[in-house]
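Report on one structure; see the data block that follows.
The values are calculated or read from the model by the stated rules, or taken from the named source; none is laboratory data. Quick caveat, the model's predicted, so the values are computed rather than measured. Methodologically, a virtual Cβ is constructed for each residue, glycine included, from the backbone with ideal geometry; neighbour enumeration extends over all protein chains shown.
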Amino acid sequence: MNDLELDAEVRRTAFEFLENATAMHGEVLPWKLLTHDCRFQGERVCLIGASGIWKPRILSSMPISISTAPPKSHGRVPYDDGIGTDGRLRYRYRGQDPEHPDNVGLREAMVRSTPLIYFFGIEKGQYLASWPVFVVGDDPGNLTFEVSIDDRVLGMDLSLGLDAGVQEARRQYVTALTARRLHQAAFRSRVLRAYRERCAVCRLKHVELLDAAHILPDSHPKGEPVVQNGLALCKIHHAAFDRHILGIRPDLKIEIRRDVLEEIDGPMLKYGLQEMNGVKLFLPRSEEQRPAGELVAERYEQFLGA
């Protein structure tokens, strides 16, 4: 097996590993799993490393992945994935030297149309994986590569022989969808972690029944995908919050809409909604992760006017 054949087999193994890992663990994968659990013919293949452009020892020249580091704090600045108007991800060079071996390796991957993995950091040690991704452009003047994300099935089937324009349009579409998915998944993960994986209203702990609700929607100018604009809510309380059945007062106490308080129905209405009226929200331990007052106040005004 020559170097290129080995390279292709290692990548195929890595992609199959990620398929199985996400099926078992969900979209958010831990650093330890990505660095220790993938094996090729008995040899460990580390899929991510300390440098953003990563080549495991088993490969001869081209990296297997690129990664975006997680934010260093829980500040208000949302993720900047560098998606341009052309639907491509702008990925920074390693350092300032275009001839750094990592940059040379990515350039070779571009020339050979070699698929890679893109790891998007959510928090320390937690990553979302997208694959296959392709380096499709090189901009030495701005020290960046242009990267497109492709469909997991169509992007790997070289036998299709699609027109280049059709392929580019598909990649633009998939890249835009993936960027949105990464932001949503990252927002959910960070919000649920801040609320210790409990509903802020009823304290339900089943993660599979929890959502990350926006206080102000992402369509709002202030609706950034940050923890301070989020609440961990179970499915029923998320729906009640979205439909202004349940509101959050500026003092962070729950208020149930008056007409709903006066209804007579079964135990879900009584215990799930009516008895929540006046209850204090369950909040993150860190004050900087708690709901931003100005956002809560604006949303409460919407609740009162509904």
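Before moving on, here are some points about what is shown:
- The set of residues in the stretch 265-293 being closer than 16 Å to ILE248 by Cβ and either among the small types (Gly, Ala, Ser) or loosely packed, with under 13 Cβ neighbours inside 10 Å (or both) consists of GLY278, LYS280, ALA292, GLY293.
- Residues that are exposed (fewer than 14 other Cβ atoms within 10 Å of the Cβ), aliphatic (A, V, I, L, M) and assigned to a loop (DSSP other than H, G, I, E, B), drawn from the stretch 8-64: ALA50
- Test: residue in the stretch 197-206 that is under 22 Å from PRO70 (Cβ atoms) and either modelled with pLDDT of 95 or more or touching a Lys or Arg at 6+ places or on another chain (Cβ under 6 Å) (or both): yes
- Of the residues examined, VAL153 is one that is under 26 Å from PRO30 (Cα atoms), free of Cβ contacts under 8 Å to residues at least 12 places away in the same chain and exposed (fewer than 13 other Cβ atoms within 10 Å of the Cβ).
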